[in-house]
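Here's the structure, in structure tokens; my notes come after.
Derivation of every value follows stated rules applied to the coordinates shown; laboratory data play no part. These numbers come from a predicted model, not from an experiment. No Cβ is skipped: glycine too gets one built from the backbone with ideal geometry, and neighbour counts run over all protein chains shown.
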Amino acid sequence: MKIRKSTESDLKDVLDVETQAFGNEKGPEIVGLVNGLLIDPTAMPLLSLLAVNDDKTIGHILFTKARITDSKESISAAILAPLAVLPDAQCQGVGGQLIEEGLRLLSESGVALVFVLGHPDYYPRHGFKPAGALGFEASYPIPNEHANAWMVQELRPGVIGSVSGKIICADVLNQPEHWRE
Ligand SMILES: CC(C)(COP(=O)(O)OP(=O)(O)OC[C@H]1O[C@@H](n2cnc3c(N)ncnc32)[C@H](O)[C@@H]1OP(=O)(O)O)[C@@H](O)C(=O)NCCC(=O)NCCS
């Protein structure tokens with residue numbers, strides 16, 4: 001399996017993976033989200049990676065720009081959304097490798113903080129911690145029972161603790177329907 005950046009010509013493959021991974025119920029919303037984010041100027045710079053096996057796209061991950069209100073220092077931040085792996089290829093480490101390669105590339109490009117709203121049993125395996133308790137408010141309120149689903153990871157040691165505030169994401173992601181766990 002190889003991981004590489006996606007290009008415009010990969011759009012159909014990307015959307016196919018989202019559709020199959022998220023299924024009939026959530027798939028259409030996620031396809032709309034990804035389609036929108038890939039051309040949203042407020043999402044830039046973004047990082048869109050594909051997992052490819054024998055020329056077949058089996059996974060996709062997207063990180064888009066985020067910013068932190070109240071932060072006196074200019075901190076470069078990103079949000080991971082969404083991550084998708086074809087059902088047949090799940091539980092073989094593909095999602096994990098997409099996350100790790102994404103974090104590596106973001107770190108190289110100077111991103112200091114990465115946020116995710118996702119499964120609280122999955123993302124901590126890749127270094128994410130509950131973000132609310134660390135001073136980071138989500139773009140929309142997260143109900144208490146799902147508080148641990150809002151997570152953060154620092155790519156520059158020491159950033160957590162030195163900044164706090166509300167996270168403002170790209171316009172296309174900044175809609176309440178994308179902030180329900
Ligand atoms: C979530 C998803 C991306 C994980 O990708 P993957 O390639 O299967 O993940 P990995 O192989 O890296 O990790 C698999 C492990 O994570 C666990 N895992 C997978 N999905 C999980 C979830 N939703 N919650 C908790 N753990 C999960 C698996 O049980 C497995 O555990 P094990 O190693 O103890 O057997 C994939 O299942 C998927 O596309 N799901 C549908 C779309 C989705 O929910 N995306 C996430 C949006 S936040």
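A compact table of results
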read-out	value
Residue of G59, G135, G102 that the Gaussian network model of the chain assigns the largest fluctuation, springs spanning Cα pairs under 10 Å	G135
Whichever lysines have a C-alpha closer than 22 Å to that of K26, once near sequence neighbours (fewer than 8 apart) are set aside	K12
Which listed pairs, of K5/K129; K2/K65; K56/K166; K2/K129, have C-alpha distances above 31 Å, in listed order	K56/K166
Helix 94-108 vs. the chain, principal-axis angle (Cα, 0 to 90°, nearest 10)	50
K129-T19 FRET efficiency (beta carbon distance; Förster radius 35 Å; 0.05 resolution)	0.65
Positive-end residue, region 2-179 charge dipole about Cα centroid, Cβ charges, pick of A89, F136, Y122	F136
